[in-house]
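In what follows, a single structure is set out as structure tokens and then discussed.
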Amino acid sequence: MRVLIVDDSDELRSLVEILLTQQHPGWLVAGAAVDGRDAVQKAHELQPDLVLLDASMPVMDGLTALPHIRRSAPRAAVVMLSAFTGRRMRQAATDAGATGFIEKARLVDELVPSIERILAGVPNA
């Protein structure tokens, strides 16, 4: 599984990479992007299997970048990561083409199990 991590925070990108590689050694972080525009380019270049995409970033936010990423890397699952909670953000992400949605507050405990459920086609609540 080749993963592209997209977030404007160096610390969060590092945390996500640590969580992924410790809990799923077979997953490879193929690249990272710092904003939506960078994410679209990297998704096109890397053709990852999974894109973990922050909702709120400078230059181009995740919701705006999402349809471009879906066109650039059509086989990739795109999971939106957001500090915002609630149905509206989750619905906006789904409407924009996200495969799933994970709240950042739950990353440490839920990142890998949530991704596994999402990739298995189990809707995340």
>> Residues of region 1-44 with the amide nitrogen closer than 14 Å to a label point 7 Å from the Cα of Glu116, along Cα-to-Cβ, please.
In response: 20-27
> Measuring with a 1.4 Å probe in the full set of protein chains, what accessible area per residue, in whole Å², belongs to region 1-101?
Replying inline: 49 Å²
>> Using helices alone, I'd like the mean residue ellipticity at 222 nm for the chain: each DSSP H run of four-plus residues gives -39500 (n - 2.57), total over residue count, nearest 500.
In response: -14500 deg cm²/dmol
> Given that compact globular proteins tend to follow 2.2 N^0.38 Å, what is the ratio of the alpha-carbon Rg of the chain to that value?
Replying inline: 0.92
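Could you tell me the calculated FRET efficiency between Leu28 and Ala105, based on Cβ-Cβ distance and R0 = 35 angstrom, to the nearest 0.05?
Rounded to the nearest 0.05, the efficiency is 0.85.
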> Relative contact order (percent) for region 22-112, with alpha-carbon contacts under 8 angstrom and 6 or more residues of separation?
Replying inline: 25 percent
> Counting only DSSP beta bridges with both residues in the chain, what percent are antiparallel, rounded to the nearest 5?
Replying inline: 0 percent
> Using a probe of 1.4 angstrom, how much of the accessible area of the chain is carbon and sulfur, in percent?
Replying inline: 52 percent
> By accessible area of protein heavy atoms, probe 1.4 Å, what ranking do His68, His44 get, highest first?
Replying inline: His44, His68
>> Under a crude label model (7 Å from the Cα following the beta-carbon direction), how far is Asp61 from Gln41 in nanometres?
In response: 2.3 nm
> Taking region 61-125 on its own, what percent of its Cα-Cα pair distances exceed 15 Å?
Replying inline: 48 percent
> Any idea of Glu110's accessible area? Nearest 10 Å², probe 1.4 Å.
Replying inline: 50 Å²
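The values are calculated or read from the model by the stated rules, or taken from the named source; none is laboratory data. Bear in mind the structure is a predicted one, so any value in this text is a computation, not a measurement. Glycine also receives a Cβ, built like all others from the backbone with ideal geometry; neighbour counts cover every protein chain displayed. Surface accessibility is based on the protein's heavy atoms, side chains included, excluding ligands, DNA and RNA. Shrake-Rupley method; radii C 1.70, N 1.55, O 1.52, S 1.80 Å.
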